[in-house]
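What follows is a short report on a single structure.
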Amino acid sequence: MPVWHLRDYHEDDLDQAIQIWDQSRGADEDRVFPVSEVMAAAKSGQSAVVAVVGDELVGMAVAQSYARRGWILLVALASRWRERGIGSALVAELERRLRAAGVRHISALLPAHAAGTKALANSGYQSRDDLTYYEKLEPPGTADADVLAALGGRMLPEGLWDAMAGMEREKQVIERRVVLPLTEPVLADRYGVVPPKAVMLFGPPGTGKTSFAKAVASRLGWPFVELFPSRLAADTGEGLAAALREVFAELAELDSVVLFIDEVEEIAAVRSGKAVDPGHGVTNELLKLIPVFREHDARLLACATNSVRSLDPAFLRPGRFDYVIPIGPPDPTARSAIWARYLRAAATDAVDLARLVEASKLFTPADIEYAARKGAQAAFEREVTRRQGGPATTDDYLTAIADTRPTLTARAIEEFTEDIDKHSRL
């Protein structure tokens, strides 16, 4: 039988600790102390001890102390390691540390039959039936608002999905594969359809990957949190792997969320195979965090990349991402719809839409928006400087198109087509 031993909690234990916390609570059990509070206590130097077998974390206990009183916040055990005395050993170690800190009164507040109650009873703790627990909850959404503010997330306005003019091919795929199973979970379950938990969007720059992620969050009515890999470590003052663990732990407090990571190749690029490669630790950390993220309901991880071929193969493996969806350049029908959206302020009879569509062959939606604004600006300036009224004309927009450097190139489209054949999973 494998031998377990106790040691201090380390920050690297975070992802396994959250898994054990999930295993230890019942389906309808509402912990008195949320996971974020428990992990914050562990991180801040309060009494925290774990039980390990090799590299596997199989149990954890955390306590806080105030003057001479201590509170046990958590006793959690991995499912297959219960009834082996680990819980009692964790409690005994907590007691030793608390008493060394001057604590003389130790209490625990746990739901009835929660993991840890038997360990407390075996360790001599007495259950008191003469007490009534009072609790005042924050207004609905307040806690989520605090976490969202800390993560830089927000609720997006309604209607973003309907505003995605053009791109009907991509919109239809995302609607059927991603949105509908999440908005109709009961019906999906009836047909054996598992709602997605993680999707990868890939395609050339400016094709609308970020806009689609935001539109999905808007359609679902879930908070939207965007991670910027290049800023994450700098914002937290920690290493990137540690910063990722901290963010994912905070996300566990939200009732629902769409987590968007753009340019994910920055933290999930192909590993060199050299042990000294600093990117290994970050990629490995993300590979560990995604399965934990997937265990929660009402969660969707949406990653985007301009270069799917640069991602580590393990990152794209089925089981991590449900779908790998290409978001390509707009075809003529899509370009027409996108132009029409931005030409609403112009007199439609003054603009030859077909000429604009033909002239903007290599344009992304972002390029079209830029050219449309540039054409409208030309008409505005003509009115202001010459007092020659009238909406923007076809020539105004064709001039703007000629002055706009397209994001796409023939080579980029060729590579994207190759990537669809090799990497897409719908």
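Quick note: the coordinates plus some simple rules give every number you see, no bench work behind them. Small disclaimer: the values here were computed from a predicted structure and weren't measured. We place every Cβ from the backbone using ideal geometry, glycine too, and count neighbours over all the protein chains shown.
Bridges between two residues of the chain, per DSSP, are antiparallel at a rate of about 50%.
Scan the chain and note any complete DSSP helix (H) whose C-alpha atoms cover at least 20 Å along its axis and whose Kyte-Doolittle average is 0.0 or more. Qualifying helices, which must be both long enough and hydrophobic enough, are 86-100, 279-294. Treat segment 297-336 as a sphere of radius equal to its Kirkwood radius over Cα pairs and apply Stokes-Einstein at 25 °C in a medium of 0.890 mPa s; give the translational diffusion coefficient in µm²/s, rounded to a whole number. The estimated diffusion coefficient comes to 195 µm²/s. As a calculated quantity, the FRET efficiency between Thr132 and Glu414 at R0 = 45 Å, using C-beta atoms, amounts to about 0.05. Computed over every Cα-Cα pair of segment 308-414 and binned at 5 Å starting from 0, the pair-distance distribution P(r) comes out as 2, 11, 20, 18, 13, 10, 8, 6, 5, 4, 2, 1, 0 percent.
Assuming charge only on the beta carbon of Lys and Arg (+1) and of Asp and Glu (-1), the dipole of the chain about its Cα centre is about 420 debye to the nearest 20. Taking one quarter of the surface of the C-alpha convex hull of the chain gives a mean projected area of 27.7 nm².
Place the peptides 207-217, 321-331 in order of packing, highest mean first, counting for every residue the other Cβ atoms within 10 Å and averaging per peptide.
Ranking the peptides 207-217, 321-331 by packing returns 207-217, 321-331.
Across segment 157-173, computed HN-Hα scalar couplings (Karplus, 6.51 cos²θ - 1.76 cosθ + 1.60, θ = phi - 60°) run x, 5, x, 5, 5, 5, 7, 6, 5, x, 6, 5, 4, 5, 4, 5, 4 Hz from first to last residue, x flagging Gly and Pro. Residues Phe202, Phe416, ranked from the fewest to the most other C-beta atoms within 10 Å, line up as Phe416, Phe202.
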